[in-house]
Amino acid sequence: MDSTSTRIISAISRIGSVLRSGMWEFATGENLNPAQAEILQLLHSRVQGVRLSWVARQLSISAASASDSVSALAAKGLVRKARALDDGRATDLHLTEEGRQMAQRIAGATGFADEAVAKLSPQAQEQLLGGLLQVIGQLQKAERFPELRACLSCKHFQPNRHQDAAAPHHCGLVDAPLPVAMLRIDCPDHQPTDPVQQVTNWQALV
Ligand code: SF4
């Protein structure tokens, strides 16, 4: 019989397939290929532009493949390239207004999964999120997961600052307690902390 860890990975993999399938079905109808749809979603929450190399790392694809997809998106008027503010020789990628609207519609295409999770009790959702964050932490330790703008790698995150078991952590930026259910994995206000503090933060979830 499979171990529990094997069955968990199988479940995560099946859920990932269903989500991808829902997104791709929608994207195909919009004349986008899967990589193009994923790039639009990646850029959706980015106020500042991102480099092509970052996109390639996040999607685990080659720089050449990412470049082809970005060029196709630029030709469709969904992505624009601009000179990077922090390096005049580099190029940043941004969504155009049309790209932003498309990314919103793509996110709506997997709303069925959000509805399914929302039917779980608040406790079950919190446990699930905590468990998934721990898996991500282990994968990051093994250098198998791309960088995230997560609370657990943020310099504003203060682990176990409160006695309250329901909200033990704290966000120094907004100066408010952080229940596990509110931990972010893609926060626009994220600022990276040093690697030693990151390890301490991830351990706070164990
Ligand atoms: S909510 Fe944002 S700013 Fe606050 S700790 Fe989390 S990632 Fe950092």
Inset, instruction - Answer yes or no as to whether residue 142 is more than 30 Å from residue 28 (Cβ to Cβ) and more than 13 Å from the ligand (Cβ to nearest atom). - result: yes
Legend entry - Tally, over the range 49-79, of residues that are touching a helix residue (DSSP H, G or I) at 6+ places or on another chain (Cβ under 8 Å) and farther than 19 Å from residue 34 by Cα: 1
Legend entry - Residues satisfying the stated conditions in the range 47-75, i.e. in contact (Cβ under 8 Å) with a residue 12 or more places away in the chain and either touching a His at 6+ places or on another chain (Cβ under 9 Å) or outside any helix (DSSP H, G or I) (or both): 47, 48, 49, 50, 51, 60, 61
Legend entry - Of residues in the range 170-187 being in a loop (DSSP other than H, G, I, E, B) and either open to solvent by less than 60 Å² (accessible area, probe 1.4 Å) or in contact (Cβ under 8 Å) with a residue 40 or more places away in the chain (or both), the one nearest to residue 45 (Cα to Cα): 187
Legend entry - Number of the exception - residue 80 against (1) part of a helix (DSSP H, G or I); (2) without any contact (Cβ under 8 Å) to a residue 24 or more places away in the chain: (1)
Inset, instruction - With the condition kept exactly as written, say whether any residue in the range 146-169 is away from the ligand (no atom under 14 Å from the Cβ), polar (S, T, N, Q) and either without any contact (Cβ under 8 Å) to a residue 24 or more places away in the chain or open to solvent by 70 Å² or more (accessible area, probe 1.4 Å) (or both). - result: yes
Legend entry - Filtered residues of the range 102-143 (kept if crowded, with 16+ Cβ neighbours inside 10 Å and over 16 Å from the mean Cα position of the chain (by Cα)): 102, 109, 126
Inset, instruction - Kindly provide the set of residues from the range 188-206 that are surrounded by fewer than 16 Cβ atoms within 10 Å (Cβ to Cβ) and near the ligand (Cβ under 10 Å from one of its atoms), ordered by number. - result: 188, 189, 191, 192
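The values are calculated or read from the model by the stated rules, or taken from the named source; none is laboratory data. Treat the numbers as computed from the prediction; the structure is a model and nothing was measured. Here Cβ is always computed from backbone atoms with ideal geometry, including for glycine, and neighbour counts include all displayed protein chains. In case anyone asks, the SASA skips ligands and DNA or RNA and just uses the protein heavy atoms, side chains included. Shrake-Rupley method; radii C 1.70, N 1.55, O 1.52, S 1.80 Å.
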